[in-house]
1. Among (1) touching a residue at least 40 places away in the same chain (Cβ under 8 Å); (2) closer than 28 Å to B:Ala163 by Cβ; (3) touching a Leu at 6+ places or on another chain (Cβ under 7 Å), there is one condition A:Val51 misses while meeting the rest; what is its number?
2. Among the residues in the stretch B:149-156, are any in a helix (DSSP H, G or I) and free of Cβ contacts under 8 Å to residues at least 40 places away in the same chain?
3. Can you tell me which residue within the stretch B:151-166, out of those that are within 7 Å of chain A (Cβ to nearest Cβ) and more than 18 Å from A:Phe142 (Cβ to Cβ), is surrounded by the most Cβ atoms within 10 Å (Cβ to Cβ)?
4. Consider the stretch A:89-136. How many of its residues are in a helix (DSSP H, G or I), closer than 13 Å to A:Leu148 by Cβ, over 15 Å from the mean Cα position of the chain (by Cα) and not hydrophobic (A, V, I, L, M, F, W, C)?
5. Regarding A:Ala3, is this residue in contact with a helix residue (DSSP H, G or I) (Cβ under 8 Å, 6 or more places away or on another chain), modelled with pLDDT of 95 or more and more than 14 Å from chain B (Cβ to nearest Cβ)?
6. Could you identify the single residue in A:Leu301, A:Leu337, A:Leu326, A:Leu312 that is more than 23 Å from A:Glu115 (Cβ to Cβ), in contact with an Asp or Glu (Cβ under 8 Å, 6 or more places away or on another chain) and of a type in the set (A, V, I, L, M)?
7. Among the residues of the stretch A:86-117 satisfying the criterion of being out of contact with any Leu (no Cβ under 6 Å at 6 or more places or on another chain), more than 14 Å from chain B (Cβ to nearest Cβ) and of a type in the set (Gly, Ala, Ser), which is nearest to A:Met36 (Cα to Cα)?
8. Which numbered condition trips up A:Asp35, out of (1) at pLDDT below 90; (2) more than 14 Å from chain B (Cβ to nearest Cβ); (3) crowded, with 17+ Cβ neighbours inside 10 Å?
2 protein chains.
Amino acid sequence: MGAADSMTDADQARGHGAPSPANVLAALNAYLKADMEACNREIVARMHSPVPLIPQLGAHLVAAGGKRIRPLLTLAAAHLCGYEAGPDRQRHIALAACVEFIHTATLLHDDVVDESVMRRGLASANAVFGNKASVLVGDFLFARSFQLMTADGSLKVMAILSAASATIAEGEVLQMATQNDLSTPIETYLEVIHGKTAALFAAACRVGAVVADRPEAEELALDAYGTNLGMAFQLVDDALDYAADQQVLGKTVGDDFREGKITLPVLAAYRAADGEERAFWQRVIETGEQTDDDLPHALALIEKADAIRVTLDRAARYADAAVKALEIFPDSEIRRLLIDTAAYTVNRAN
Amino acid sequence: MGAADSMTDADQARGHGAPSPANVLAALNAYLKADMEACNREIVARMHSPVPLIPQLGAHLVAAGGKRIRPLLTLAAAHLCGYEAGPDRQRHIALAACVEFIHTATLLHDDVVDESVMRRGLASANAVFGNKASVLVGDFLFARSFQLMTADGSLKVMAILSAASATIAEGEVLQMATQNDLSTPIETYLEVIHGKTAALFAAACRVGAVVADRPEAEELALDAYGTNLGMAFQLVDDALDYAADQQVLGKTVGDDFREGKITLPVLAAYRAADGEERAFWQRVIETGEQTDDDLPHALALIEKADAIRVTLDRAARYADAAVKALEIFPDSEIRRLLIDTAAYTVNRAN
């Protein structure tokens, strides 16, 4: 679908220097422009329901935007694997929408679980429509995603995406179980972020290889790319929660802190802390007793322990592994864009 | 599987007179004993997860029991359609478990949405484990149900159950949108209960015909049986909420009242009310301002309007339609049990 034309757009968006965060996603979007437009139309169309509140809440979510990185990955993987799209061959579009529906359903439920008031710089759906609507519309989107898979008709795709959905829920439950617990091993934290983020990144990429009917080695390579990219992405997200400029990222700094969420910046700072500092972390994270002065002090301790750097270094290693996983594919524009995307996930924090 | 042996059990449980509520379900359970035991084992096995909270919450739900009417329907439909089960042909068992997983996921989310503290006479899962766990474990069970369908491998089954899942969510959203609204048309109320209850009853029955590879007429007949049975079942449930003996049914009388839920007993009483009574209903249902004396007064107004009878009469008509839908099947023990089940759904209120 117009890869030849859109390469020019992609080149323009990308510029000629090293990839910077803003222009990498722009380049990927430019390369996949026609597909992403079709995917967005599919998302709106499939959000339809005779029950008005469902498309209303759906419109709120669509308006909120977001990077749509997961459907981009499905489309990019399909291109990388040479999927021959055509008027009657639009499986990658439907599955990209399906992946975004799964993601959106989990976001709606996360915001209820986390009692979030903001999402992507706008009031979160639960803040506008209430928790009940968020739970139920999340369920609807989840069910609708399975209808999209069923319409696609590939048992392999269904196995990949239903397993990813179960893994996401397990990751979220594990995250809840570790909340406020500073003794959480780093391995458990990594298991959490694998579940909540990397599993769907991996599945989003892998289904691109499946629709193109490529050998298992390519499926597994894309799975590895997605897994490692997702790990890097979540690590950076967790770092940004203690470092981000709220206006730039549309998220509230210190959300994780206020919720007592166990992330690597906190674990690294806690492990490096002296007795008095440990008592501070125990009070603010384990008992949840916080005052207005606590976030600045936490940020100071995180800086002292170099815990953001520790987190971003680990993210960089996952990003490197993501790039390495693409080595089995021959050089191409879309492969270069996926490599740049791995760099982007880490660079957006710098 | 052992239908010949269990017929004796079923006959014994059923007795020789007209079916009474208690012995109809006992007879159905006795006829399907081996299958239900296998289904319960499947439910426990598929609840497994490396994240301990998931099987813990699962065990709470299994211990709470419940009538398991939906998996019974799948198993009964498979028997009615002559599904030839065997050691390697256990699709009906896996799909019965799948149906129960979908139902359990919606129960968990309902309890969060309704802020229930009791379910089936025990503390509800959200009361014991918290709302967050209920949302997330519900998501897990929902995802697991799709993994079970994928393992079954029938696109037809997946289409039926994923459409039912979307319809359930739509019904729940519509119920939320009509909450506190006494101007809700009865047709809208019927649409709500079709979504929240009848759609899954219908799907549970229909997949029994699909696994047995029966002609579409039998699929549709079982779909109609399940739809009408589900409508009757929910109407009776809604009547019982204004009539039930709490200890017998393990549910709190007046839950719907306190939540301002719009059900037929309330709609019928409101439509029959005079000016003063209408003002009462508007205060307690629309504004939600309630005192301890209001439930007894509401019960008196419902009795005065004969609104329980109105509701149960409508339920009886659906039950009759359910029985009529089974006419295309030849007489058999399991057909008689399904006919008795339709009678049971109405009689349990008497």
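1. (1)
2. Of all residues in the stretch B:149-156, those in a helix (DSSP H, G or I) come to B:149-152, B:155-156.
Now drop any that are not free of Cβ contacts under 8 Å to residues at least 40 places away in the same chain, which leaves B:150, B:155.
Scanning the stretch B:149-156, I find at least one residue that is in a helix (DSSP H, G or I) and free of Cβ contacts under 8 Å to residues at least 40 places away in the same chain, so the answer is yes.
3. Within the stretch B:151-166, the subset within 7 Å of chain A (Cβ to nearest Cβ) is B:153, B:155, B:158-159, B:162-163, B:165-166.
Still in the list and also more than 18 Å from A:Phe142 (Cβ to Cβ): B:153, B:155.
Working: B:Gly153: 12, B:Leu155: 17.
It comes out as B:Leu155.
4. Result for the stretch A:89-136: 2.
5. no
6. Details: A:Leu337 fails: in contact with an Asp or Glu (Cβ under 8 Å, 6 or more places away or on another chain); A:Leu326 fails: in contact with an Asp or Glu (Cβ under 8 Å, 6 or more places away or on another chain); A:Leu312 fails: in contact with an Asp or Glu (Cβ under 8 Å, 6 or more places away or on another chain).
After applying the criteria, what remains is A:Leu301.
7. It comes out as A:Ala97.
8. Just one mismatch for A:Asp35, condition (1).
The values are calculated or read from the model by the stated rules, or taken from the named source; none is laboratory data. These numbers come from a predicted model, not from an experiment. Counting neighbours? That spans all protein chains shown, and the Cβs are built from the backbone with ideal geometry, glycine included.
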